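The values are calculated or read from the model by the stated rules, or taken from the named source; none is laboratory data. Remember, it's a predicted structure, so these values are computed and weren't measured experimentally. Please note: Cβ atoms are built from the backbone with ideal geometry, for glycine as well, and neighbour counts cover all protein chains shown.
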Amino acid sequence: MTGAPVLLLDLDDTLIPDVPAARRAIADTLGSLGSLGLPATAEAVDGVLAAVRRVWRAEPARRHPALAQVSSWESLWVDYGTLDELPERVRERLLRHDERAWAAALHQLSADARSAPEASDGSHGSDAAEAAARFRHRRAELTRPLPGVPAHLDRLAARHELWLVTQGCRTLQRRKLALSGLAPRFARVFVSGELGYEKADPLFAELLLSQLARTGRSVCQLVGDGTATDLLLASFGGWDALHICTPENCRDADRTGVRHALDLGGVTAHCDSLGH
């Protein structure tokens, strides 16, 4: 692959589902708690996410640099025990974070179902522990490539060197990549939580540019779904970008240097047209 152009690819909601997988795992978790009689509707999932967001925002430890890029829904399945950079007392507290978040969510859903004031946070302890465990298991099961991704990557890898550029906590992003089975396809992996720079930080692009210069390579294009992360990273690096979106509804449809497609098929077609 010496000299082959580099294709930069985002992970979450580009190669694997993130938000949809979180929502599906929450719905499946609610559905598995039959004794509580709680709905597994989209509205109930919204309620769980709102409660989880409140609990995560109130957690002082989330301001630690190691957790700065962890979203509220991701906080439910981060393996805090592997984050050695966290103080021990913080790790110990966070090991029960998912249970506290689920307790708050179950209290609210139960109160809504009764049309009564919200229950106190002291109830639903065992239910919350069961929900937390079931969610973690189901969320891991759902960490699989989006349809067609492996085949597209294999085809693209024949003429490109694939580099992953992903935003988030180092242990969680590495775990997602491993669970997806896509790790062997990437020559280089850059995780914002490892580098200390978010993808929207110009220093992230500078680091990539230095690595490209060191290896004598150039970027074919950057592929991702995030306008405030992936497209901004592409602009800082001076690279063309493919935005994974619904093209007819994309708010960035007129953005210079950006093409739009539903999935990686747009990357394959574009590279085929260029002969690389």
Select from region 166-194 the residues that are closer than 22 Å to W77 by Cβ and either in contact with a Pro (Cβ under 8 Å, 6 or more places away or on another chain) or surrounded by fewer than 17 Cβ atoms within 10 Å (Cβ to Cβ) (or both) and list them in ascending order. A178, L179, S180, G181, L182, A183, V189, E194
Of all residues in region 199-214, count the ones that are in contact with a Ser or Thr (Cβ under 9 Å, 6 or more places away or on another chain) and more than 16 Å from I244 (Cβ to Cβ). 5
Whether any residue in region 219-236 is surrounded by 13 or more Cβ atoms within 10 Å (Cβ to Cβ), out of contact with any Asp or Glu (no Cβ under 7 Å at 6 or more places or on another chain) and over 25 Å from A68 (Cβ atoms) is what I want to check. yes
Output for region 69-110, where each listed residue is over 17 Å from D127 (Cα atoms) and among the acidic types (D, E): E74, D79, D84, E85, E88, E92
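Of all residues in region 138-147, which are hydrophobic (A, V, I, L, M, F, W, C) and in a helix (DSSP H, G or I)? Steps first, please.
Restricting attention to region 138-147, the residues satisfying the condition of being hydrophobic (A, V, I, L, M, F, W, C) are 140, 142, 146.
Answer for region 138-147, where residues must be hydrophobic (A, V, I, L, M, F, W, C) and in a helix (DSSP H, G or I): just A140.
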Number of the exception - D12 against (1) closer than 29 Å to L162 by Cα; (2) outside the structural domain of S180 (by TED's automatic domain parsing); (3) acidic (D, E): (2)
If we take region 164-264, then strands (runs of 3 or more DSSP E) inside it with 3 or more residues that are farther than 26 Å from R139 by Cα are 219-224, 258-261
Mind listing just one residue for me: the one in region 19-51 that is in contact (Cβ under 8 Å) with a residue 12 or more places away in the chain and under 16 Å from the mean Cα position of the chain (by Cα) and, of those, surrounded by the most Cβ atoms within 10 Å (Cβ to Cβ)? I26
Is it true that A158 is out of contact with any Asp or Glu (no Cβ under 9 Å at 6 or more places or on another chain), of a type outside the set (S, T, N, Q) and modelled with pLDDT under 95? yes
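Of all the helices (runs of 4 or more DSSP H) wholly in region 1-104, which have at least 1 residues that are of a type outside the set (G, A, S) and under 14 Å from F135 (Cα atoms)? Outline the logic, then answer.
Numbers: elements: 19-32, 42-57, 88-94.
Hits in region 1-104: 19-32, 42-57.
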A253 being aliphatic (A, V, I, L, M), closer than 20 Å to G3 by Cβ and surrounded by fewer than 15 Cβ atoms within 10 Å (Cβ to Cβ): no
How many residues does region 237-271 contain that are modelled with pLDDT of 85 or more and hydroxyl-bearing (S, T, Y)? 1
For the subset of region 256-276 comprising residues that are β-branched (V, I, T) and within 22 Å of F204 (Cβ to Cβ), which member is surrounded by the fewest Cβ atoms within 10 Å (Cβ to Cβ)? T256
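Table: residues versus (1) touching a strand residue (DSSP E or B) at 6+ places or on another chain (Cβ under 6 Å); (2) under 30 Å from D154 (Cα atoms).
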| position | (1), (2) |
| --- | --- |
| A4 | yes, yes |
| D12 | no, yes |
| T29 | no, no |
| V45 | no, no |
| V52 | no, no |
| R62 | no, no |
| W73 | no, no |
| D79 | no, no |
| L83 | no, no |
Of all residues making up region 148-163, the number that are free of Cβ contacts under 8 Å to residues at least 24 places away in the same chain and in a loop (DSSP other than H, G, I, E, B): 1
